[in-house]
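Below is one structure, written out as structure tokens; the observations come after it.
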Amino acid sequence: MSLYCGIACRRKSSWCYRLLSTYVTKTRYLFELKEDDDACKKAQQTGTFYLFHSLAPLLQTSTNQYLAPRHSLSELERLLSKFGQDSQRLEDSVLIGCSEQHEAWFALDLASLQKLEMETELQGSFIEMRKALFQLNAKDASLLSMAQALLRWHDAHQFCSRSGQPTKKNMAGSKRVCPSSKIIYYPQMAPVVITLVSDGTRCLLARQSSFPRGMYSALAGFCDIGESLEEAVRREVAEEVGLEVDKLQYSASQHWPFPNSSLMIGCHATVKPGQTEIHVNLRELEAAAWFSCEEVATALRRKGPYSQQENGTFPFWVPPKLAIAHQLIKEWVEKQTCSSLPV
């Protein structure tokens, strides 16, 4: 038995080592491409490209799901030539990842070209990201979110804030440099706390007027300068629903491309005993309420958005699985006494 266990452990260790080595080699390869313009330009020769138009990704439909096609350099050069562009446009692309075989992945926005003509040529549609995000698989959703965030950042940071002179993007798109002031600008994300509040037996969910009808989610807000994560959670809960947090626990984080690239920091929080009366800040929220475990478990099984029902009401539902709010809500349900309910 001990010999078998030893072999199993060595096999597991070997598997873990190979997995780690793949991750490390990919990470170091991407680092090289970010730091060496010539290496990045060379990687474009064998790389593939995701295409955007005015920050909307090119997608194709397949069985109630969007697929994100990639195009080789030769295909892209042919497309650019057909629309009167030269290969210099490739310098506007951004590096967003690579395969285990070190095939580099790039994203390029072709906003200056005719949208309808390109859609016909490419046999796809440029779909607004908010509409497409929850109908993509997890891998494509992550890559396209990163790509859109980088492309948007470069579009909005073409001039130095100190000298006013144009900044220059490196080949990978990992930074911009001002030739005049020598300042280096790096893409940034805004930290946002997203918190599922509970009183022990119920969880608090809220909605903004911009949400699809019937959808409720966890509380969320941007961190202020100088705040810790814990301070931001307590302030947001107090501001939005008038409750004081007693305990909080970090859960997970997620990049979110809206409105301008955010880092969503997911937490669970409980309020102080006896303090459950909600006072909604109508400048921030449209509504907020306590929901039982059974109500939330039922909502997790629903898929929205919904059309208006015959009785004039909309069913209560929560954000789709890809959103970190969904994961926080699911975690909470699984810890409750109704955790045996399928979600």
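Starting from the amide H of Gly266, placed 1.01 Å from N in the peptide plane, find each other amide H under 5 Å away whose residue is 5 or more places distant or on another chain.
HN-HN under 5 Å from Gly266: Ile194, Ser251, Ala252, Ser253, Gln254.
What is the sum of charges, Lys and Arg at +1 and Asp and Glu at -1, for the other residues whose Cβ falls under 12 Å from the Cβ of Val245? Mind dumping the intermediate values first?
Values: positive: Arg234, Arg235, Lys247, Lys272; negative: Asp199, Glu230, Glu231, Glu236, Glu239, Glu240, Glu244, Asp246.
It works out to a net charge of -4.
How large is ³J(HN,Hα) for each residue in the range 144-160, as worked out from phi by the Karplus curve 6.51 cos²θ - 1.76 cosθ + 1.60 (θ = phi - 60°), to whole Hz, x for Gly and Pro?
These are the phi-based 3J(HN,Hα) values: 5, 5, 4, 4, 4, 4, 5, 4, 5, 4, 5, 5, 9, 10, 8, 10, 6 Hz.
How large is the charge dipole for the chain, taken about the Cα centre, if only the Cβ atoms of Lys, Arg (+1) and Asp, Glu (-1) carry charge, to the nearest 20 debye?
In total the dipole reaches around 860 debye.
Once amide H atoms are placed 1.01 Å from N in the peptide plane, what residues at a sequence separation of 5 or more from Ala190, or on another chain, have their amide H within under 5 Å of its amide H?
Ser262, Leu263
Arrange the peptides 315-325, 195-205, 225-235 so that the one whose residues have, on average, the most other Cβ atoms within 10 Å appears first.
195-205, 315-325, 225-235
Using Cα pairs under 8 angstrom and six or more residues apart, how large is the relative contact order of the chain, in percent?
This gives 14 percent for the chain.
Using modelled backbone amide H atoms (1.01 Å from N, in-plane), which distant-in-sequence or interchain residues come within less than 5 Å of Phe126's amide H?
Amide H neighbours of Phe126, under 5 Å, 5+ apart: Leu59.
Once log10 I(q)/I(0) by the Debye sum over Cα atoms at q = 0.09, 0.13, 0.16 Å⁻¹ is worked out from the coordinates, which option in (1) -0.57, -1.00, -1.34; (2) -0.65, -1.13, -1.32; (3) -0.44, -0.95, -1.52 does it equal?
Derived directly from the coordinates: (2).
Net charge near Arg176, counting Lys/Arg +1 and Asp/Glu -1 over other residues with Cβ under 9 Å of its Cβ?
It works out to a net charge of +3.
Could you go through the range 256-267 in sequence order and give the Karplus-derived ³J(HN,Hα) for each residue, using 6.51 cos²θ - 1.76 cosθ + 1.60 with θ = phi - 60°, rounded to whole Hz, and x for Gly and Pro?
The phi angles translate into 9, x, 10, x, 9, 6, 10, 9, 7, 10, x, 9 Hz.
Sum -39500 (n - 2.57) across every DSSP H segment of at least 4 residues in the chain, then divide by the residue count to get the 222 nm mean residue ellipticity, nearest 500. Spell out each step's value before the answer.
Values: 9 runs with 119 residues, N = 343.
Counting only the DSSP helices, I get -11000 deg cm²/dmol.
Determine the percent antiparallel among the DSSP beta bridges restricted to the range 34-154, to the nearest 5.
Around 70 percent antiparallel, to the nearest 5.
Kindly flag which residue pairs out of Lys26/Lys82; Lys139/Lys175; Lys247/Lys330; Lys303/Lys335; Lys41/Lys321 have an alpha-carbon separation exceeding 27 Å in this structure. List each step's numbers first, then the result.
Values: Lys26/Lys82 34 Å; Lys139/Lys175 24 Å; Lys247/Lys330 19 Å; Lys303/Lys335 22 Å; Lys41/Lys321 37 Å.
The pairs that break the limit, which is 27 Å between Cα atoms, are Lys26/Lys82; Lys41/Lys321.
Taking the square root of 5 times each eigenvalue of the Cα gyration tensor, what semi-axes in Å does the equivalent ellipsoid of the range 224-292 have, largest first?
22, 16, 12
Sorted by average packing, counted as other Cβ atoms within 10 angstrom per residue and highest first, what order do 274-287, 144-157 take?
Numbers: 274-287: 12.4, 144-157: 20.4.
Ranking the peptides 274-287, 144-157 by packing returns 144-157, 274-287.
Bear in mind these aren't lab numbers, they're just calculated from the coordinates by the rules spelled out. Since this is a predicted model, take the numbers as computed values, not measurements. Cβ: placed from backbone, ideal geometry, glycine included. Neighbour counts: every protein chain shown.
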